[in-house]
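> Let me begin by handing over the structure; questions about it come next.
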Amino acid sequence: MNGSTHEGSSPLATDTGDSTKLTSDTLRVGDVVNEQLLGRLAKLEKYEHKLAEVARVYRNLNAARKAVETVLKKLTSVQSIADVDELEQFLSNLTVKSQYAGEQIGALTELDKTNRAKIQELESKVTELKVADMERQTLKRDFENSVKERK
């Protein structure tokens, strides 16, 4: 071939690479291979092994997406990771609830400290009252003994 087409062959059969776009629709059995087609075949061979890798990565990503959506459906009102607005709203509400719970825990912790201090103060007063009661009982006994001695 010297750059021209053979009689009866396709107009794609040039070695010089014409401007006709090669597609599966424009190629036919019996067409002569040209530089454009060879280039495309070389490119295909170059990237053909990567197709399996792309398919594997796609399957892995799809499986991960399904797993995430299963968890979302199970634990939230969100049905799909594609529903970004609903997911954002859910997480925002969760954050607000968490902050509120933290505030309540802080308030209850303060109340607990206050109550513990009051309990300690009351226990101290109970101890003082017990001592005073013991002194009162001692004084009463002493008084009763002194009254008995006078008689």
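What follows is calculated from the coordinates using simple rules that are stated; it is not laboratory data. Owing to the predicted nature of the structure, the values given are computational and were not obtained by experimental measurement. When we count neighbours, we look across all protein chains shown, and the Cβ atoms used for this are built from the backbone with ideal geometry, even at glycine.
> How far apart, in nm, are two points set 7 Å out from the Cα along the Cα-to-Cβ line at LYS97 and at GLU123?
3.8
> Rounded, prolate or oblate: pick one for the range 22-61, where a ≥ b ≥ c are the square roots of the eigenvalues of its C-alpha gyration tensor, a/c under 1.5 means rounded, and failing that, prolate if a/b is larger than b/c, else oblate.
Taking the square roots of the gyration eigenvalues as a ≥ b ≥ c, the range 22-61 is prolate.
> Same structure again: For a protection proxy built on the mean count of beta-carbon atoms within 10 angstrom, sort 44-55, 25-36 highest first, please.
Peptide ranking by packing, descending: 25-36, 44-55.
> Just tell me which lysines come within less than 24 Å, Cα to Cα, of LYS140; anything on the same chain fewer than 8 places away is out.
By straight Cα distance, LYS140 reaches LYS125, LYS130, LYS148, LYS151.
> Just to be sure I understand the model, the point goes 7 Å from the Cα along the line to the Cβ. What's the resulting ASN145 to ALA42 distance in nm?
Roughly 12.3 nm, to one decimal.
> Where does the Debye-calculated log10 I(q)/I(0) of the range 44-151 sit at q = 0.19 Å⁻¹, using only Cα point scatterers of equal weight, no solvent?
-1.02
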